[in-house]
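The values are calculated or read from the model by the stated rules, or taken from the named source; none is laboratory data. Because the structure is a prediction, the values reported are computed rather than measured. Methodologically, a virtual Cβ is constructed for each residue, glycine included, from the backbone with ideal geometry; neighbour enumeration extends over all protein chains shown. Calculation scope for accessible area: heavy atoms of the full protein, side chains included, ligands and nucleic acids excluded. Shrake-Rupley method; radii C 1.70, N 1.55, O 1.52, S 1.80 Å.
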Amino acid sequence: MYLRNKLLLTIILGLMFLPSQTFGQEGFRTEKDLLGEKQIPNDAYYGVQTMRALENFQISGYTTKDYPELVDAFVLVKLAAIRANYDSGALPKYVLDAVEKACKEVLAGKYHDQFLVDLYQGGAGTSANMNVNEVLANIALELSGKQKGDYAYIEPHDHLNMSQSTNDSYPTTLKVAMILMNQKLLPELEALIASFEKKGKEFENILKMGRTELQDAIPMTLGQEFNAFASQLKASIDELKQAEANLYVINMGGTAIGTKLTAQKGFVENCAKHLAELTGKKIVPAKDLIAATSDLSSFVVYSSALNTLSVRLSKIASDLILLASGPRTGLFEINLPPLQPGSSIMPGKVNPVIPELVNLVTFRVMGNDVAVTIASKSGQLQLNAYEPLVLSAILESQKILTNTMKAFKTKCVDGITANENVMKKYIDQSVGIVTALNPVLGYEKTTELAKEALETGKGILELIREQKLLTEDQIKELLDPKKMTGQ
């Protein structure tokens, strides 16, 4: 009886200080919004609007928490906002201190399991924004010795969303998340480039036939081929950095449509300043907040850079598959590291699984780029409601490209070896080498040699030796890789 009375007293006292929540059934608290009341688990840091999103948007199975960089981005934006609002004198110090503590806890990796809204959601990101507002508010409350849901003390809308709308905080968060993800993608790209360059050095004196339209062309070195792969990828580094710079322009403080309605004086500039300090990037407010609220072109530019990188990676992966084809009936100029048996029926078969994986991933990224383009052009008037698709598509592209480039380097490129005898055989037998002999033998004679080689099946060098057109020393000099390949 004593324990029961004590419990009842505790509940009554609690209700006196929890005007925005009440206790429901055991283990739950009651929160309300525009549409009515909801039962929220007492151990949950999210609130009523998150609960509605969990009921409405069980779509992709991928939620905010599946991208730690996205969680961090949300928190960094909210932290910059709370500091900017304090600068304006609109917030008491206890709110600033409590929310800062909550933000630091999440940035340290805690509470990520509370960010549960599906990436695919209607409402232009409102559910995701409110999920963050509610979680940070309740963490701040708990760290302040209050109960979750005691919104009279720290409120998700009035405090965490002050001077903001989803329409400015959500796209700003997207940009910060992509910036954070880009910082992980670029090092993997640079490492992959270094691996190709290392192979270029290793193979610099191995002569082989170049090919155009899959026909014999003129000689080159295997090293030149791999250095060319590296050079193609290097171009993407500058493109990705330039595209990232487009993400530095934000519309925080524009609120609903960019007119700054309800934003505190100085918030636009101060929020950008704080976010720049938190991210270490040159974050600046947009000159035209109305334009910036509806225009998603910066996402299109960044997605395009990912798409271009994917095109290059796919071309290189396909070339490696072709160069390693065989081993008896293909080109077989290189060996890829054998990673797993290639067939459930054919003994001894080993497939080029990593270059194939690269193609699979890059095809997906190319498709994501199309999705970003369509979503970005489809918003109506002062807002684009399809930003969640832009988020999902670009973050997925960044993640799978980052992971794939790492696998490409470590499980494929690093272990590639050359089949020098195969390439020498092709050089000896190829008609294409006759072009290099034009300056010595003349065009008419080399044309005759090419015709005879094709008719007899003999190699050009074989015919030259039979007809004693050149000495072995001359042949050796002419086939010097550095002279023949313009090095």
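Quick notes
- Of all beta bridges that DSSP places with both ends in the chain, some 90 percent have antiparallel geometry.
- Projecting the Cα atoms of Leu186, Tyr302, Val71 onto the dipole axis of the chain, where Lys and Arg carry +1 and Asp and Glu carry -1 at the beta carbon, places Val71 farthest toward the positive end.
- Taking the Cα centre of the chain as origin and assigning +1 to Lys and Arg Cβ atoms and -1 to Asp and Glu Cβ atoms, the resulting dipole is close to 580 debye.
- Rounded to the nearest 10 degrees, the inclination of helix 353-377 to the longest alpha-carbon principal axis of the chain is 50 degrees.
- Relative contact order for the chain: 15 percent, from Cα pairs under 8 Å spaced at least 6 residues apart, divided by residue count.
- Considering only Asn368, Pro171, Ile394, and ranking their Cα positions along the charge dipole of the chain that arises from unit charges at the beta-carbon of Lys, Arg, Asp and Glu, the one farthest toward the positive end is Pro171.
- Angle between the chain longest axis and helix 166-202 axis [Cα atoms, degrees, rounded to 10]: 30
- Mean accessible surface per residue for the chain, computed with a 1.4 Å probe while every protein chain stays in place, in Å²: 47
- Ranking Phe408, Gln474, Thr435 by Cα position along the charge dipole of the range 389-487, where only Lys, Arg, Asp and Glu carry charges on their C-beta atoms, puts Phe408 farthest toward the positive end.
- Order by protection proxy (mean Cβ within 10 Å, highest first), peptides 224-235, 167-178: 167-178, 224-235
- Mean residue ellipticity (222 nm) of the chain, computed from DSSP H runs ≥ 4 via -39,500 (n - 2.57), nearest 500: -19000 deg cm²/dmol
- Hits among aspartates and glutamates - C-alpha to C-alpha of Lys234 under 13 Å, sequence gap 8 or more where chains match: Glu188, Glu190, Glu197
- Between the helical axis of 126-143 and the longest alpha-carbon principal axis of the chain there is an angle of about 60 degrees.
- Atom-type composition of the exposed protein surface of the chain places 55 percent of the accessible area on carbon and sulfur (1.4 angstrom probe).
- Compactness index (Cα Rg / 2.2 N^0.38 Å), the range 96-164: 1.09
- Computed lengthening from Glu448 to Glu213, 0.36 nm per intervening residue step minus Cα-Cα distance: 82.3 nm
- Here the range 137-235 is assigned +1 on the Cβ of each Lys and Arg and -1 on the Cβ of each Asp and Glu. Its dipole about the Cα centre then comes out at about 240 debye.
- Heavy atoms of Glu356 accessible to a 1.4 Å probe, total area in Å² rounded to 10: 80
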